[in-house]
Each structure stands twice: as structure tokens, then as C-alpha cells.
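**Q** One structure is given below, represented as C-alpha cells, and several questions about it will come after.
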Amino acid sequence: MNRVIGLETSCDETSAAVVARGATVLSNVVASQAHLHARWGGVVPEVASRMHVERMLPVIVEALERAETKASDIEGIAVTNRPGLVGALVVGVACAKALALAWKVPVVGVHHLVGHLYAARLACPALSDPFLCLVVSGGHTELIWVQDADRAYVVGRTKDDAAGECFDKSARLLGLPYPGGPALERLASGGDPGAVRFPRAWLGDTLDFSFSGLKTAVARFVAEDRGQTPLPDVAASLQQAIIDVLVQKTLLAAERLSARAVALGGGVAANSALKRAMQVACEERGIACVVPPAELCTDNAAMIAAAAWHRLERGESDGMELDALATEYLPAVAWEALR
Ligand code: KG4
Ligand code: ZN
């Protein structure tokens, strides 16, 4: 199994990528719809599905061209089939099955979160199992213990909002455009992270997260402050509150599991202040820290192609039975059972 094409349409990015031997990215084309959803302040599922229909084929053609690969050189197809916006997933899955029939190659469905784990493997081929991965995006905040290519266990997750959701919703309260994360980071770069004391939800010494209280605290602060505190200070303080919890919980999990490597994944991992804080904290404890480049952190098809490679290499295929699923959780395991 050499060249695999990956397809990703679980949310608002239409992506196709060609990856060789599960490790070398030959192309990774991403058509983002973020600007289309901006006027509604969030992703509109129906709009996302329709845009995927329009863009999927041109994006595939571009991915093949950039990889200088003919359709006849593709030996397998990987597609995100769960979890995500079901109408959006269906577009990628239908396209993947049609290509599998036309090209007479196997097709494999990939769990979106497992895809995010593979971004770290693509970015750092020396990364060896087991490792701990913090996946932080608009829909997820999960601490995942990656045992090997087939086994990944959630040891902690958010009880309510995802970290990216907290960035987006708080940014909206501050009058920033969607998606809020990048806008908030830009604003925060000129602010004082100690200016406003926003709450941190520790949830005792569990490995779980909670960000809904922080969002409420921001709403209350905005209403009471009435614009007196400079916005960059508010943004920097809010960003710091999110980062403190993410870094401390990740290091607690790493310590409990005696992890030798920590990886980041998901759109929020594109945040430079988070990257820096995680790298410094890991370095102090002699733990390796892998942060993939931003284009592999946000939703992309290269990570999906890489995640499917082992199954395709073993000759597996999900065939025409493959279906899109809005919800599927990775197995959750108490950290005590993994030591
Ligand atoms: O992984 P992703 O592209 O899509 C999902 O699967 O959700 O993540 C998107 C999320 C959004 O919430 C966005 O605001 C956040 O990642 N994000 C950031 C940054 N870049 C993207 N959050 C904080 N700082 C950033 N630089
Ligand atoms: Zn994602």
C-alpha cells in the first residue's frame, strides 16, 4: 500500500490529501468555509453540506495534481465517517465510496479524533508509542492515551464546552469575528494575561475539563466592566485561563501515566501561547513535546489518510457498507487501568 487519498468533510473544511506509506504528505488541500459561516457566528450545517458538495471534486483534482499523482496510482481511500455534522460527513463518505467503485480500490472510514492523533505522527516520525495527546478543537477537548496504531483511550474530556468553543463564544461576547480563536489570539498578543482574574475549573484532581463557567464569567465581566478594561488585557487574561487548565491537566495526566511524550492536536493547538506554555512545562519535566504545524492541527485530510494506512496495509476495507455517524465516542478508560 503506497499512495492513499484522504477525504475530510466533518465540519466546515473540505479537504483532500495524498499521503505515501502513511508518512509522507504529497499534498494536503483544504478549502475552508469559515468566511461563509462568519455572518452567523458559527457553522450552519446545511450551508456546510452544500459547500462540500460543490467543492469536494475540485479539491480532489487539486490534491492529485499537487501530488503529481494519477488516479491509477491511488491504492486506497480514507474518509472521515464519524463523528461530525452528519450531512457534511455524508458528502465525503458518498464521494469516497463512488471513487472506490470507480477506481476498484478499498475504502476505510476514520474516526475524526483518531485523525487528529495522526497529525502528531506525521509531524514527528520519531514519536514512539505510547504517547499522550491533547486534542483541542471547536468540538473536542480530550486527553487521549495512544497505546499503539489500533488502541487509543480517552482518559479525560470536557464535561461541557470544548476549549475552542469557549474561545469562539467568548470572542463573540467581546465583539470579535468568527472563528474567535485566531482573532482572540491576535488581540491577546498585546495584552496583560494577569489583568483580569478569570476562574479556572479544576474539577478536583480529575483529568476532566469544564469551560462553560469561564464563558459565563466572561459574559458577566463584559456586562459589568462596560468597556473600561482594555480589550487586549481581557483577551490575554481569558486565553491564559484556558491555557493554564489545558497545560496543568495534561501534565497531571502525563505524570500519572509516566508519559515520555506529549502531543497536541486540533485547531486550538494552532495557538502560539498554548504551544509555548506546553513546550516549557514539558521541558521542565524532561517530557518530549510534539506540536504539529498549524496546517496539520486544524481539520485536514492528510491526517485522515495517515490514520487509515495501517488498516489499508493489512488489506482491510469497509466497502459499500460504510456509513456516516454523527456521534461515536472513543473508549474512555480510567487512567489507573492503563499504568
Ligand atoms: O480542529 P478544528 O479546525 O475544527 C474542529 O474539529 O472543531 O478547530 C477549530 C477550532 C475553533 O474553535 C477555532 O476558534 C480554534 O480551533 N482555533 C484557535 C486558534 N486557531 C483555531 N483557538 C485559539 N487560538 C488559535 N490560534
Ligand atoms: Zn477537528
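The values are calculated or read from the model by the stated rules, or taken from the named source; none is laboratory data. Keep in mind that what you see is a predicted model, and the values were worked out from it rather than measured. Using ideal geometry, Cβ is built from the backbone for each residue, glycine included, and neighbour counts are taken over all protein chains shown. Note: areas computed on protein heavy atoms with side chains; ligands, DNA, RNA excluded. Shrake-Rupley method; radii C 1.70, N 1.55, O 1.52, S 1.80 Å.
**Q** Output the residue which, of all residues in segment 1-31 that are among the charged types (D, E, K, R) and closer than 15 Å to His112 by Cβ, is surrounded by the fewest Cβ atoms within 10 Å (Cβ to Cβ). Please lay out each step first, then the result.
**A** Going through segment 1-31, the residues among the charged types (D, E, K, R) turn out to be 3, 8, 12-13, 21.
In the following step, the residues that additionally are closer than 15 Å to His112 by Cβ were identified as 8, 12-13.
On the way: Glu8: 31, Asp12: 25, Glu13: 23.
The selected residue is Glu13.
**Q** Kindly indicate which of Arg260, Arg314 is among the basic types (Lys, Arg), free of Cβ contacts under 8 Å to residues at least 12 places away in the same chain and either closer than 30 Å to His52 by Cα or surrounded by fewer than 17 Cβ atoms within 10 Å (Cβ to Cβ) (or both).
**A** Details: Arg260 fails: free of Cβ contacts under 8 Å to residues at least 12 places away in the same chain.
The match here is Arg314.
**Q** For the structure I just gave you, tell me whether Arg311 is over 15 Å from the mean Cα position of the chain (by Cα) and either at pLDDT below 95 or more than 26 Å from Ala261 (Cα to Cα) (or both).
**A** no
**Q** For segment 317-339: of the residues being open to solvent by 20 Å² or more (accessible area, probe 1.4 Å), within 24 Å of Ala98 (Cβ to Cβ) and among the aliphatic types (A, V, I, L, M), which is farthest from the chain's Cα centre (by Cα)?
**A** Top of the filtered list is Met320.
**Q** Right, Arg220: part of a loop (DSSP other than H, G, I, E, B) and among the basic types (Lys, Arg) or not?
**A** No: the conditions fail for Arg220.
**Q** Hey, another quick one. Which condition number does Asp233 fail, the rest of (1) more than 11 Å from ligand 1 (Cβ to nearest atom); (2) open to solvent by less than 10 Å² (accessible area, probe 1.4 Å) being met?
**A** Against the list (1) more than 11 Å from ligand 1 (Cβ to nearest atom); (2) open to solvent by less than 10 Å² (accessible area, probe 1.4 Å), Asp233 comes up short only on (2).
**Q** Condition first: assigned to a loop (DSSP other than H, G, I, E, B), out of contact with any strand residue (DSSP E or B) (no Cβ under 6 Å at 6 or more places or on another chain) and within 16 Å of ligand 2 (Cβ to nearest atom). Can you find one or more residues in segment 270-290 that meet it? Before the answer, list the steps.
**A** So the first thing to find is which residues in segment 270-290 are assigned to a loop (DSSP other than H, G, I, E, B), and the list is 271, 285-287.
Filter again for out of contact with any strand residue (DSSP E or B) (no Cβ under 6 Å at 6 or more places or on another chain), leaving 271, 285-286.
If we keep only those that are within 16 Å of ligand 2 (Cβ to nearest atom) as well, we get 271.
Yes, because at least one residue in segment 270-290 is assigned to a loop (DSSP other than H, G, I, E, B), out of contact with any strand residue (DSSP E or B) (no Cβ under 6 Å at 6 or more places or on another chain) and within 16 Å of ligand 2 (Cβ to nearest atom).
**Q** For segment 131-202, give me every one of the strands (runs of 3 or more DSSP E) that falls completely inside it and has 1 or more residues that are open to solvent by 20 Å² or more (accessible area, probe 1.4 Å), within 16 Å of ligand 2 (Cβ to nearest atom) and at pLDDT 95 or above.
**A** 151-157
**Q** Select from segment 238-269 the residues that are within 16 Å of ligand 2 (Cβ to nearest atom) and of a type in the set (Gly, Ala, Ser) and list them in ascending order.
**A** Ala263, Gly265, Gly266, Gly267, Ala269
**Q** Still on this model: Among the residues of segment 291-302, which ones are assigned to a helix (DSSP H, G or I), more than 10 Å from ligand 1 (Cβ to nearest atom) and crowded, with 17+ Cβ neighbours inside 10 Å? Walk me through it before giving the result.
**A** Step one: of segment 291-302, the residues assigned to a helix (DSSP H, G or I) are 294-297, 302.
Filter once more, keeping what is more than 10 Å from ligand 1 (Cβ to nearest atom): 295-296, 302.
Residues satisfying the conditions are Leu296, Ala302.
**Q** In addition: Residue by residue through segment 62-82, note down the ones that are within 23 Å of Ala324 (Cβ to Cβ) and open to solvent by 20 Å² or more (accessible area, probe 1.4 Å).
**A** Arg82
**Q** Identify, from the list Ala163, Ala171, Ala195, the residue that is near ligand 1 (Cβ under 8 Å from one of its atoms) and over 18 Å from the mean Cα position of the chain (by Cα). Full working, then the answer.
**A** Working: Ala163 fails: over 18 Å from the mean Cα position of the chain (by Cα); Ala195 fails: near ligand 1 (Cβ under 8 Å from one of its atoms).
Result: Ala171 is the single residue among Ala163, Ala171, Ala195 that is near ligand 1 (Cβ under 8 Å from one of its atoms) and over 18 Å from the mean Cα position of the chain (by Cα).
**Q** I'm checking my understanding of the structure. Among residues of segment 203-217 that are open to solvent by 30 Å² or more (accessible area, probe 1.4 Å) and part of a helix (DSSP H, G or I), which one is nearest to ligand 1 (Cβ to nearest atom)?
**A** Filtering first and then ranking leaves Lys215.
Here's the yes/no breakdown for (1) touching a Pro at 6+ places or on another chain (Cβ under 8 Å); (2) among the charged types (D, E, K, R):
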residue: Tyr153; (1), (2): yes, no
residue: Glu185; (1), (2): no, yes
residue: Pro193; (1), (2): no, no
residue: Gly204; (1), (2): no, no
residue: Ala217; (1), (2): yes, no
residue: Gly227; (1), (2): no, no
residue: Asp233; (1), (2): no, yes
residue: Val247; (1), (2): no, no
residue: Glu255; (1), (2): no, yes
